[in-house]
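For reference, the structure discussed in these notes is given below.
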Amino acid sequence: TVITRTAGELALGDGTRAALAVDDAEIRANERSSPWREAKIELIEGRPSGLFDIAQALFAEGGLTFSRLSKGARGYLLAETGEIEPPVMPRNAEWVALAPAQTAEQAARDVVRECFDQVAANVVAVQKLDDPEGPHQLRVALRRLRSALSLFSPVLQSPELTRLSQEARWLGQEVGHL
């Protein structure tokens, strides 16, 4: 991976500070190459929700997708398939292995992360495919997310979770029309 990185720091009026890095990259593998652009916003200080405020200000037109796939993983994918993105398809829920030694906060993190992964994959499936399974799996993911937020609410104790649950409910209703 050949990367040119531009980085800086951003601040909101409430004191929230974040690091912004934009990578303009070329991923190369097995005589193949593909361009890749990625933005990373990392909280330095302040409200975690400020990261979304920053993203909305910087990318008001949208067009972004969340991904946990690293550039290295994209390189392996390029070598194997000729593509740097996995194929778009509806995504079912995946099993979340929890260990008895995990704290409730760690379990919440793992369960909610899986829910978000399923939501993100199915948002893309709904946008790019004409397959009724995409909206169905997105609704499943949103219900799972709302259930997880409700289940872990005594541990997480954040007013943002109530708002997020309401947004997930609204989006689930909207997707239901599809």
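At a glance:
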{"quantity": "Spin-label pair residue 45/residue 30, simplified geometry with 7 Å Cα→Cβ offset, distance in nm", "calculated": "4.8 nm"}
{"quantity": "Cα centroid of segment 5-80 to Cα centroid of segment 87-142, whole Å", "calculated": "21 Å"}
{"quantity": "Options [x] 20.5, 74; [y] 18.1, 52; [z] 27.3, 106 - which one matches Rg and Dmax of the Cα atoms in Å as calculated here", "calculated": "[y]"}
{"quantity": "Label-point separation, residue 58 to residue 89 (7 Å along Cα→Cβ), nm", "calculated": "3.3 nm"}
{"quantity": "Accessible surface, per residue, of the chain when the full set of protein chains is kept, probe 1.4 Å, Å²", "calculated": "66 Å²"}
{"quantity": "Area accessible to solvent at residue 129, 1.4 Å probe radius, in Å²", "calculated": "60 Å²"}
{"quantity": "Of the DSSP H helices in the chain, those whose Cα atoms cover at least 27 Å axially and whose Kyte score averages -0.5 or more", "calculated": "104-128, 133-156"}
{"quantity": "The chain - percent relative contact order, Cα under 8 Å, separation 6 or more", "calculated": "14 percent"}
{"quantity": "Helix-only CD estimate at 222 nm, as mean residue ellipticity for the chain, using -39500 (n - 2.57) per DSSP H run (n ≥ 4)", "calculated": "-16500 deg cm²/dmol"}
{"quantity": "The chain - percent of accessible surface contributed by carbon and sulfur, probe 1.4 Å", "calculated": "54 percent"}
{"quantity": "Label point distance in nm, residue 129-residue 160, each placed 7 Å from Cα along Cα→Cβ", "calculated": "3.1 nm"}
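The values are calculated or read from the model by the stated rules, or taken from the named source; none is laboratory data. Predicted, not measured: the structure shown is a model, and the values here were computed from it. Backbone-built Cβ (ideal geometry, glycine too); neighbour counts: all protein chains shown. We work out accessible area using only protein heavy atoms, side chains counted, and drop any ligands, DNA or RNA first. Shrake-Rupley method; radii C 1.70, N 1.55, O 1.52, S 1.80 Å.
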